[in-house]
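Here the structure is laid out as structure tokens; the discussion comes afterwards.
The values are calculated or read from the model by the stated rules, or taken from the named source; none is laboratory data. Just so you know, these numbers come straight off a predicted model, no measurement behind them. All Cβ positions, even for glycine, are placed from backbone atoms using ideal geometry, and neighbour counts span all protein chains on display. For the accessible areas, the whole protein counts, side chains as well, though only heavy atoms, and no ligand, DNA or RNA atoms are used. Shrake-Rupley method; radii C 1.70, N 1.55, O 1.52, S 1.80 Å.
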Amino acid sequence: TFERDISDYGDFVVECGLGLKTSKPPVIDGVLSKGEWNQNAKMRTNREEQVQILLAQQKWRGVNDLSSDTYVQWDDDNLYFAARVTDDVHFNNQDSNLIWQCDSIQMAFQLNTAGKQEQDNTLRTEIGIALGKDGKFVLCSYAKETGIEGNFENCELAVVRDGNQTIYELRCPW
């Protein structure tokens, strides 16, 4: 079961469905083929209040500046993630655990500690994916529980930049 909790984001709004179980795993090739990703599980970001600009002198200039459609699916063996990001300029000159500072995707997963007043942030794991330096794919992780940083093994990643769009596809075993 996937749950979404965006309470830490105040008025931040995400239009999304929950990740859906799939009977046909997507091909991880950087192409979002028709019928490959369930449209009912699409999360769309296309409004100014959904965008966080890290540089004070910059402002969001509309959907051609930055917007995305993202998808989450799963089966008994894997978690699947895809995104089509429209961005007028792609920039990431970082590698490994610093990719979050530039154009990238960052996801956080946390063990559900139901019944506790506060979530235990030590049980959180983050995954970062990017088209980094020299056009190389970057997949990194940070496990808050242990403080260990590293690359995921047995995951499959494809990132393709075409015009003003970057396609990310990821498969990670459970």
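Pairs needed: first member in segment 62-85, over 17 Å from T166 (Cα atoms); second member anywhere, open to solvent by 20 Å² or more (accessible area, probe 1.4 Å) and among the small types (G, A, S); C-beta distance under 8 Å; at least 6 residues apart or different chains.
As it stands, the answer is D75/S23, since those pairs meet every condition given.
Before we move on, is E118 of a type outside the set (A, V, I, L, M) and either modelled with pLDDT under 75 or farther than 20 Å from D77 by Cα (or both)?
Judged against the criteria, E118 is a match.
For segment 63-100, enumerate the residues that are of a type in the set (S, T, N, Q) and more than 16 Å from L139 (Cβ to Cβ).
N64, S67, S68, T70, Q73, T86, N93
For segment 122-174, which positions are in a loop (DSSP other than H, G, I, E, B), among the small types (G, A, S) and modelled with pLDDT of 75 or more?
G132, G163
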